[in-house]
Amino acid sequence: MTDYNFAYLDEQTKRMIRRAILKGLAIPGYQVPFASREMPMPYGWGTGGVQVSAAVLTPEDRFKVIDQGADDTTNAVSIRTFFERTAGVKTTTKTTDASVIQTRHRIPEEPLTEGQILVYQVPIPEPLRFLEPRESETRKMHSLEEYGLMHVKLYEDISRHGHIATSYAYPVKVEGHYVMDPSPIPKFDNPKLGDMAAIQLFGAGREQRIYALPPYTEVVSLDFDDHPFEASKADHPCGLCGAEDSYLDEVIVDDAGGRMFVCSDTDYCEARQAAGHRGKDAA
Amino acid sequence: MQAQTLSGGFADPAIQSTHAFRSVMEAMARPGTIQNINGAEPPSPLSAAAGSVLLTLCDTETPIYLAGAADCEAVRTWLAFHTGAPLTGPAHCMFAIGSWSALAPLSAYPIGTPEYPDRSATLIVECPELSPSGATLTGPGIKDSAALSLPELRAFQSNRALFPLGLDFVFTCENGLAALPRSTEVS
Ligand SMILES: [Zn+2]
C-alpha cells in the first residue's frame, strides 16, 4: 500500500480546496483565496491546477492532461504520472474518454459534455494585475465593477495596432459581473468558455486563487461596438488532417526552414487522421 | 462515550469523501439536479445526506451552527468526534444545519463582504422531500430551466438580489441532495 495520502494532499487541505471550489461555483468568475500547498513540482508546472485536480479526482475517474494541446510534453506526462501513482486513476489521451481534464493554455477542440470537468492551470488569475498591482484595490474594482481601465488598455491596443492585439489570456465578463482571466488560452478558445456543458475550474498555485464557471454560464469576451471580438487563428487548414476549424501551431519541419501548420490539439488531429482525413502535408 | 458517537463516520474517509464531494459539487454546479450521496450514518435527526456533507466539508476550521432539533447532544458529540468543528451561533457560522423553519431568519447569517463575497454561510436545509418540481430555476449551471421543490420562493429571491453577496443552500433528504447557489433566479 502507498504511504502517502490519496491524490497526495492531506484530507484537511482537500476540504479547504473543496470549500473554495464550491464558493467559486456559487460566484462565477470571482477569485476565491485558498491556502496553496507546496507540491512536489515547481510553480509554473501547474501546481494550482494540480491541487484542484487532487481535490476533485475519484478513483473511478479517467484523467487527461494537455499542455498547449499536447498530451506528450514533459509537463503533461509528469502530472499524469503523478495522479496515476498517488490516486490510482486511469489516464487517457482521448478527450472523449476523459472525465477530468487538466489543461495548460488550451481548451480541447472536441466539445466537452456534462460528465466532464476541465481544470485550468492559471499563472496570473487577476486580469487587472497589470493595471493595478494592489490586491486591495483590484478587489474593490471587482466589487464596484470598475472595469474602465481594462477597456482603456484594450482600446490602446486598437489605436496602436488598428485592432485588439491581445491574443492570449483575453479578458472575459462572466454573467454580466466579474471580469475574469481565462488563463493564457488563445482567444480562439474564448467562445468555448461560455455555455459549456462541462464544469470549468481554475487553479492558480503561486497566487493562491481558485475560480470557476458552472456549466451553461454566460461568458462574453470584452470588446467595442466598432471593434467586435474576433476568435482569430492562422488562416490555413491543418497540414496533417486538413481541419479548417481547429487552432493551429506553426512548426518547423526540416533543416531548410520548411514550415507547416498543424492542429495544436494532438488528440483531435490524430482522431481525424484515424478517420481518414488528410491534409496537404500528410505523409 | 456512546457507541453511536464513534460510529457512523466514513469507513474509508479519503475515498468516500471524494465521492461525496463530487455529489455536492455537481449539485452546486447544476442547481436543481438531485444527486445521490452516502457514506455517513449520523445520529437522528440528521439525514445521511446532511451527515455526509458535513463530514466532507467540515473540520476545525469551519464553525457550524446547529439549528433547532439538530442541536442535540447526540449530534454535537458525533460532530465533535468526526470533524472537530467548533459550534457557534448563526452570525459567525460557515455552515448551518437544520430544518427550514429552524434556520430562519436568513438575515442572521454572514453573506460575505463586497471584497470577499465567499466569506458567507452555506445552509444545509433538511427537507421532508426533494423532487424536481415546484419552483422554476434559471441561471448559471442550468441549460434552460430546472425545477426543484423549495420550501418557499421569496427568501431565495431576496437572497439572489444580494448577488454577488448572499447565502448558498444545500437541500438534503435521506440520501438525496440538491443545491441552490446565490446566483440562481427563482420563480
Ligand atoms: Zn490536424
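Every number here is computed from the coordinates shown, using simple stated rules; none is lab data. Keep in mind that what you see is a predicted model, and the values were worked out from it rather than measured. Every residue, glycine among them, receives a Cβ derived from its backbone with ideal geometry; neighbour counts consider all protein chains shown.
Between 0 and 90 degrees, rounded to the nearest ten: what's the tilt of helix B:73-82 against the longest Cα principal axis of chain B?
Its long axis makes an angle of about 90 degrees.
Applying a 10 Å radius around every beta-carbon, put A:152-160, A:138-146 in order of their mean neighbour count, most first.
Numbers: A:152-160: 13.2, A:138-146: 16.8.
Order by mean packing, descending: A:138-146, A:152-160.
Which of A:Lys153/A:Lys187; A:Lys192/A:Lys233; A:Lys192/B:Lys143; A:Lys14/A:Lys64; A:Lys187/A:Lys233; A:Lys64/B:Lys143 have a Cα-Cα distance over 18 Å? Mind showing how you got there, number by number?
Numbers: A:Lys153/A:Lys187 16 Å; A:Lys192/A:Lys233 14 Å; A:Lys192/B:Lys143 15 Å; A:Lys14/A:Lys64 20 Å; A:Lys187/A:Lys233 9 Å; A:Lys64/B:Lys143 26 Å.
The pairs that break the limit, which is 18 Å between Cα atoms, are A:Lys14/A:Lys64; A:Lys64/B:Lys143.
Just add up the charged neighbours of A:Ala271: K/R +1, D/E -1, any other residue whose Cβ is under 14 Å from the Cβ of A:Ala271.
On the way: positive: A:Lys64, A:Lys94, A:Arg272, A:Arg278; negative: A:Asp71, A:Asp97, A:Glu109, A:Glu110, A:Asp245, A:Asp265, A:Asp267, A:Glu270.
Spelling it out: positives minus negatives among the neighbours equals -4.
Hey, got the average number of other protein chain Cβ atoms within 10 angstrom for residues in B:140-146? Can you show the working numbers first?
Details: counts 15, 9, 4, 5, 1, 0, 0.
If you average over the peptide's residues, the count of other-chain Cβ atoms is 5.
Hey, what angle do you get for helix B:13-29 against the long axis of chain B, alpha-carbon based, 0 to 90 degrees rounded to 10?
Long axis of B:13-29 versus the principal axis of chain B: about 20 degrees.
Counting partner chain Cβ atoms within 10 Å of every residue's Cβ in B:107-119, what's the average? Provide the component values of the computation, followed by the final result.
Details: counts 0, 0, 0, 0, 0, 4, 2, 5, 8, 6, 8, 13, 3.
Mean number of neighbouring Cβ atoms from other chains: 4.
Could you work out the relative contact order of chain B? I mean the mean sequence separation of Cα pairs under 8 Å and 6+ apart, divided by the number of residues, in percent. Intermediate values should be presented prior to the final figure.
Details: 423 pairs, mean separation 45.7, N = 187.
Answer for chain B is 24 percent.
Give the residues of region A:163-197 whose amide nitrogen is closer than 16 Å to a point set 7 Å from the Cα of A:Leu149 in the direction of its Cβ.
Hits in region A:163-197 for A:Leu149 at 16 Å: A:171, A:179-181.
Which order, highest average first, do B:76-83, B:90-97 follow once you tally other Cβ atoms within 10 Å for each residue and take the mean per peptide?
Details: B:76-83: 19.4, B:90-97: 20.9.
The most tightly packed comes first, giving B:90-97, B:76-83.
Sort A:237-248, B:130-141 by the packing proxy (mean of other Cβ within 10 Å over each peptide's residues), most packed first.
Details: A:237-248: 20.3, B:130-141: 18.5.
By packing density, highest mean first, the sequence is A:237-248, B:130-141.
Place a point 7 Å from Cα of A:Asn5 in the direction of its Cβ. Which residues in region B:1-40 have their backbone N less than 11 Å from it?
B:14
Name the shape class, rounded, prolate or oblate, that the alpha-carbon gyration tensor gives for region B:3-186, where a ≥ b ≥ c are the square roots of its eigenvalues, rounded holds for a/c under 1.5, and otherwise prolate holds if a/b is larger than b/c and oblate otherwise.
On the way: a/c = 1.69, a/b = 1.35, b/c = 1.25.
Judged from the Cα gyration tensor, region B:3-186 comes out prolate (a/c at least 1.5, a/b above b/c).
Report, in degrees rounded to the nearest 10, the 0 to 90 angle that the Cα long axis of helix B:48-57 makes with the longest principal axis of chain B.
90 degrees
In peptide B:15-25, how many Cβ atoms from other protein chains are near each Cβ within 10 Å, on average?
Numbers: counts 6, 1, 7, 13, 3, 2, 10, 8, 0, 4, 11.
What the average comes to for B:15-25 is 6.
Given the C-alpha centroids of region B:1-79 and region A:82-129, what is the distance between them in whole angstrom?
If you average the Cα positions of each part, the centres end up 29 Å apart.
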